[in-house]
Amino acid sequence: MTRLSVLLGVVCCIALGPCTVQTRQANPSFIPATGQTFYLDLDTAEGASSEWRHDDLGGLCALHASIRVLRLRNDPKWIPIFSIWLQDSEVGYKRKQVGLQFWAKDRKAPLGVRIIQFDGPKPVGVQSSSTTVALDANIPVEMVWLPPQAVTIRIGQNETHSVNVSWRIAHIVITASTGQIKIDPLVLGCVDKINHR
């Protein structure tokens, strides 16, 4: 697969007030970080992939995202797949990561959802989700990573998954292949650990 690196004009949310109100209503323990609100549009050709990454996670331990898959493209080899990854500091095939994936197994909507964990190139865990995703439907997602490195992933209002990891989360990477995904907005921050459940 050709790897297409997409440089995104990432726009910080100027009007943090409305973003803050929305995310706090979804989960009152989430505290948005200043200057950490982004709007992403990864529009990727057939058989290609694109990514956005955030490498400075100091003081951050959670993300909120409103996700819409807008378009599925057709490729004889590669299926449309969209992921949000939490990664360690390793590079290449040594990298450990856990991610939330939206994928079109049959190359058409609705998309399936799964949580997948890699230790290097090898998948070491997969959790299936009961959620399916129609095209152009808003899906709220929350990912929280707290010591001792437990990752909690909320999909929509009623589904929660937990994954234990033995490594420090150093990067957030969002990838798209053979289709288009919009995240409007992606808000990074942390949670009030006392009130987080």
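The values are calculated or read from the model by the stated rules, or taken from the named source; none is laboratory data. For clarity, every value in this text was computed on a predicted model and none was experimentally measured. We place every Cβ from the backbone using ideal geometry, glycine too, and count neighbours over all the protein chains shown. With ligands, DNA and RNA removed, areas are computed over all heavy atoms of the protein, side chains included. Shrake-Rupley method; radii C 1.70, N 1.55, O 1.52, S 1.80 Å.
Straight-line reach from residue 94: taking Cα to Cα under 28 Å and skipping same-chain neighbours fewer than 8 places apart, the lysines in range are 77, 105, 122. You can think of it this way: the chain between residue 131 and residue 157 has 8.3 nm of extra reach, that is 0.36 nm per residue less the Cα-Cα gap. The mean sequence separation of alpha-carbon pairs under 8 Å and at least six residues apart, normalised by the residue count of segment 20-160, gives a relative contact order of 19 percent. Between residue 54 and residue 33, the simple spin-label model (points 7 angstrom out along Cα→Cβ) gives 0.7 nm. When both segment 61-139 and segment 144-197 are represented by their alpha-carbon centers, they are found 12 Å apart. Taking 0.36 nm per residue of separation and subtracting the Cα-Cα distance, full extension of the segment from residue 168 to residue 150 would add 5.5 nm. Heavy-atom accessible surface of residue 126, to the nearest 10 Å², is about 90 Å², with a 1.4 Å probe and all protein chains retained. Please label the shape of segment 43-132 as rounded, prolate or oblate, based on the square roots a ≥ b ≥ c of the eigenvalues of the alpha-carbon gyration tensor (a/c under 1.5 means rounded; beyond that, a/b larger than b/c means prolate, else oblate). Prolate.
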